[in-house]
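No lab work stands behind these numbers, since they all come straight from the coordinates. The structure presented is a predicted model; accordingly, all values stated were derived computationally and were not measured. Don't worry about glycine lacking a Cβ; one is built from the backbone with ideal geometry, like all the others, and counts go over all protein chains shown.
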Amino acid sequence: MAAAVVAYLMPMAIINEAIPAATARCSRAGFKRGFVKALPFLLSNGLAGVVMGVAYRGVGLGFVPAVLFSVVVYSATAQAVTLGMWAAAPPIIPMVIACVATNARYLVMGAHLHQLFGRLRKRITLPILFFLADASWLMTTADAERNDADAGYLLGASAPMAIGWVGGTALGYGLPLQPDGPLAIAAALLPAAFIATLLPSQWRGKRSILPWLLAAITAVLVSRFMAPNWAMLIGGAVGTGFSMLRGDHA
């Protein structure tokens, strides 16, 4: 993700407990280990990508733009949120803002990965960061606690997720499925589903209760005057802003 690449280049110290970058490496063994561990995501991301591909065809997007959307943006959450904002004349600026807001968490991930892989050459780490996903970040963090930090593991863990998502988008677009009925419901639920998968990694105990509560209350109030997607984004911004002002760590 672009946000992760930017944050990686910044010498930030957001996460206190990090593996020293001096021990970092990028190995084939790490790639293989990460790839095997992440193979289940090939199916799960593929199924979600199929729904996204069908939904893109339903809003009139061409095959190439639909696949490129999944390749370039490569963010299930951001794509699902912008899909809900789609119109005959897509609101480009609000969509860009939505993408930035939903992907802001990659700034923290990139800063953390800088602590793990900061001494590796940028020509190795930056291309790998393009395929970063929430699950591959979590898997790499856990693996680095048991072994030396290995950028090969991050690439291996990210590969099945990227293949599943982009391949699923292409497959879904080409399948003779109608973008209504159960698929329409599935597409509508994609934003909530992807956000729900992020909750366990964002839970910080009792300190998370107040920011989450503020976000929920704000979203409910804003939804009375604005579209649900904007309510979700503004609610999340309020909760995140409160957490930052309070000095919470990632």
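Observations on the model:
- Once the Cα-Cα distance is subtracted from the 0.36 nm per residue extended length, the residue 217 to residue 27 segment shows a gain of 63.7 nm.
- The fraction of all Cα pairs in the stretch 122-184 landing in successive 10 Å bins from 0 to the largest distance is 20, 37, 21, 15, 6, given as whole percents.
- Between residue 171 and residue 138, the contour length at 0.36 nm per residue exceeds the alpha carbon distance by 9.1 nm.
- Rough spin-label spacing in nm, given labels placed 7 Å along Cα→Cβ, for residue 122 and residue 210: 3.9 nm
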